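Enquirer: Take this structure first; my questions come after.
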Amino acid sequence: MSFSFLPIASSSSGNSTIIMAGSSMVLVDIGITYKLLNSVLLNNRIDIKNISALLITHAHYDHIKGLRVFLNKTNDIKVYTREKTKNILIKNDPGLSLHLDRFIEIKESSFNINELNIKWCKLSHQGWGERDNTGEHIGFVFNYHGQQLSYMTDLGEMDERIIDLHRSSDIFFIEANYDKNLQLNSGRPWGLIQRVIGKYGHLSNEQTAEYLYELVDVQKTKHIFLAHISKECNCRELAVKTIKEKLKAKQGLDLERIKIEHETEKVYPCLTKTLESCIIKL
Ligand SMILES: [Zn+2]
Ligand SMILES: [Zn+2]
């Protein structure tokens, strides 16, 4: 019985992660090309046909880039997402309506894919108005035989409802998008900066640290993976340092016991490695 995840790509230029639980293999987002996804999987001796389902968090391009080709090249893998997101995806790419029967709208608060139980929550994240409508953005909590993995990228803030759902996970796959000072001094247009640091943007290292302080269970949590790190406005080591400093203050927490890591330098960490060397087992 194994429960693990494989981050294939994680950054503003592409997001895609595999969650493996027993006989189930779920792909979260497809923000890289089908060709690249397939080559990473083949490199790890995984047949793309063995994917049980694709979950789409929201309709931003860095999460759905390879979707159309994925649907064309695979026959019966279902795509789970919220109805609003499905509608936006089809509006933006009418060719996807050829595969309408492959879309499953996520409605119930909890659903199963084989032995993997999945809960979801709305996350605070939006695009730039109508032209950049992302549908309804969601995060996931995966449960497999009592072990829990939280998956949250692309969010500007968390409320109590989100914190309650994700509290005490064994593993957190969570974004630490930017360092506030680097963001403010980035020279980017002020409107973009405002959007990123706003409540519908992304989490800063400091925010992620504050939330993890609430979310981490001193006994249960084993692993924190920092995702969706901005290339322009963050530094991986700084992200890890900020999170560690905050967690140090949490009473009863042995920081040595928790693995805290960030996405690797390469966008596609597994391209040249075998699955065994980059898989993270719970
Ligand atoms: Zn994104
Ligand atoms: Zn986004």
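Enquirer: To check you understand DSSP bridge types, tell me what percent of the beta bridges within the chain (both residues inside) are antiparallel, rounded to 5.
Expert: 55
Enquirer: Same structure again: So, R0 is 45 Å and r is the distance between the beta-carbons of ASN50 and SER186; what FRET efficiency does that work out to, to 0.05?
Expert: 0.65
Enquirer: What do you get for Rg/Rh of the stretch 3-267 when both radii come from the Cα atoms and Rh is the Kirkwood radius?
Expert: 0.95
Enquirer: A further question on this structure: If neighbour count is taken as other Cβ atoms inside 10 Å, put TYR200, TYR151, TYR178, TYR211 in order from fewest to most.
Expert: TYR200, TYR211, TYR151, TYR178
Enquirer: Would you mind calculating the gained length between GLU261 and LYS122 on full extension (0.36 nm times residue separation, minus the Cα-Cα distance), in nm to one decimal?
Expert: 47.5 nm
Enquirer: What residue among ILE90, ILE18, ILE171 shows peak mean-square fluctuation when the chain is described by a Gaussian network model with Cα springs under 10 Å?
Expert: Maximum among the listed residues: ILE90.
Enquirer: Determine, from the Cβ-Cβ distance of ASN92 and LYS220 and an R0 of 35 Å, the FRET efficiency 1/(1 + (r/R0)^6), rounded to the nearest 0.05.
Expert: That gives a FRET efficiency of 0.30.
Enquirer: If you don't mind, there's one more thing I want to ask. Can you sort MET158, MET152 from fewest to most other Cβ atoms within 10 Å of each residue's own Cβ?
Expert: MET158, MET152
Enquirer: May I ask you to derive the relative contact order of the chain, considering only C-alpha pairs under 8 Å and at least 6 residues apart, and to give it as an integer percent?
Expert: For the chain, the relative contact order is 19 percent.
Enquirer: Can I ask one more? Where a Cα-Cα gap under 26 Å defines reach, which lysines qualify for LYS49, not counting those fewer than 8 residues away within the same chain?
Expert: LYS35, LYS65, LYS73, LYS78, LYS86, LYS107, LYS119, LYS266, LYS273, LYS281
Enquirer: Within straight cross-link reach of LYS259, meaning Cα distance under 18 Å, which aspartates and glutamates are found once same-chain residues fewer than 8 apart are removed?
Expert: The qualifying aspartates and glutamates are ASP170, GLU175, GLU210, GLU214, ASP217, GLU237, GLU245, GLU276.
Enquirer: Whole angstrom only: what separates the Cα centroid of the stretch 57-109 from the Cα centroid of the stretch 147-181?
Expert: Using only Cα atoms, the two centres lie 24 Å from each other.
Enquirer: Still on this structure, I have one more. Just want the ordering: HIS99, HIS262, HIS63, from fewest to most Cβ atoms lying within 10 Å of their own Cβ.
Expert: By the 10 Å Cβ count, ascending: HIS99, HIS262, HIS63.
Enquirer: Taking K and R as +1 and D and E as -1, what net charge do the other residues with C-beta under 15 Å from the C-beta of TYR61 add up to?
Expert: -1
Enquirer: Which value at 222 nm does the chain reach when only helices count, each DSSP H run of 4 or more adding -39,500 (n - 2.57), with the total divided by all residues and rounded to the nearest 500 deg cm²/dmol?
Expert: -7500 deg cm²/dmol
Enquirer: Separate question: With each label point set 7 Å from Cα along the Cα-Cβ vector, what nm distance links GLU232 and ASP254?
Expert: Taking the simple label geometry, GLU232 and ASP254 are separated by 4.4 nm.
Enquirer: Between GLU105 and TYR61, what is the FRET efficiency for a Förster distance of 25 Å, r being their Cβ-Cβ separation, to the nearest 0.05?
Expert: For GLU105 and TYR61, the calculated efficiency is 0.70.
Enquirer: Note down the relative contact order for the stretch 163-250 as a percent, whole number, built from C-alpha pairs under 8 angstrom at least six residues apart.
Expert: 47
Bear in mind that the values in this text are calculations on the coordinates, not laboratory data. On a predicted model such as this, the values are computed, not experimentally measured, just so you know. As a convention, Cβ positions derive from the backbone with ideal geometry for all residues, glycine included, and neighbour counts pool all protein chains shown.
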